Amino acid sequence: MTMKTMTTGIALVASLALVGCNSSDSGSGGGGGSSSVSLKSPTFIITESNRDSVDSVAYSYAGNVDATDQLDDTTSRALSLGEDQISRALQPREIAARFNESETEACFDSGSVTYSASGSGINENTGEMQSSGSMKVSMDFNQCKSTYSFDDGLISISMSWSGYDGYNSFDTLSLNITFNDYTSKSYYGDGSLDTSESIHGYMDMSLANDETSASLGLSISSSEIDNKVINIETTSPIKQRGSDYPYTGTIVVTGGDNTTVTYTVVSNGVEVSLNGGQAELITWSDMSYYY
């Protein structure tokens, strides 16, 4: 599957998040979202012994070796946070019906979530996307609790597109996802905590002329890193043409005490450097195997 043949559902979300970036509150795959987001102070000190955990967290958001999968998987990951409410809110008819409106719903056990949407390019009655359009959807969770999940904080998804053929192909697609102090927890059937994750920051992704570009700036806290904070930022966008591997891009993960891991795309994989030390090459095949 190439970027130009994504499923309509992912495409819809993508257009919601790739909103092309003439507006001040969304970016266009070049880091435009960074202007409105201030990251947190990192507290997790990165060492050789715990770098695997940092690699795993970074890869979850930015490390997919195929940019097509990166857009799909990153979007799916973002949407799996608050899965029940978000998946329903992002149905085409739901989006069109909510244009320029705001609605608050009670969550299953306690708390609430407020949806709002604006934009153009989706038929209100049929839910069909037009050849071009732009949209913005926000989901503001207020201590939203159900049997297996808890969500709190704001997720905003913006998107624009052009050249949509009515099936699953686009000429251009632009997506921005912004997290504002968003926390997600999952629980086992007995009520005990399974996982907890907090996210603050942005992701920008775009498609044009068969080239994808991705930039991000995220403060992440999760159980994998002792519920402390790391910052994940692109210092240059990750770019890829067609179904090839990425051909350029650099990601820097910053931890406490100015510790860092730098991931630099090279021709045959990614070079990884801990605290400015000798770079270690992880080939594309190695990355696919381990992750």
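The values are calculated or read from the model by the stated rules, or taken from the named source; none is laboratory data. Small disclaimer: the values here were computed from a predicted structure and weren't measured. Positions of Cβ are generated from backbone atoms using ideal geometry, with glycine treated the same way; all protein chains shown enter the neighbour counts. Remember, those area values only see protein heavy atoms, side chains included, never the ligands or the DNA or RNA. Shrake-Rupley method; radii C 1.70, N 1.55, O 1.52, S 1.80 Å.
When residues in the range 120-129 are screened for being touching a residue at least 24 places away in the same chain (Cβ under 8 Å) and in a strand (DSSP E or B), 3 of them pass. Residues satisfying the criterion are absent from the range 216-232 (criterion: free of Cβ contacts under 8 Å to residues at least 40 places away in the same chain, over 20 Å from P42 (Cα atoms) and surrounded by fewer than 20 Cβ atoms within 10 Å (Cβ to Cβ)). Quick one: would you say K239 is open to solvent by 20 Å² or more (accessible area, probe 1.4 Å) and under 17 Å from the mean Cα position of the chain (by Cα)? Yes. One residue is enough: does the range 130-139 have a residue meeting the conditions within 23 Å of T195 (Cα to Cα) and either open to solvent by 40 Å² or more (accessible area, probe 1.4 Å) or in contact (Cβ under 8 Å) with a residue 40 or more places away in the chain (or both)? So far as the range 130-139 goes, yes, one or more of its residues are within 23 Å of T195 (Cα to Cα) and either open to solvent by 40 Å² or more (accessible area, probe 1.4 Å) or in contact (Cβ under 8 Å) with a residue 40 or more places away in the chain (or both).
Within the range 158-213, being touching a Cys at 6+ places or on another chain (Cβ under 8 Å) and either surrounded by fewer than 16 Cβ atoms within 10 Å (Cβ to Cβ) or not in a strand (DSSP E or B) (or both) holds for no residue.
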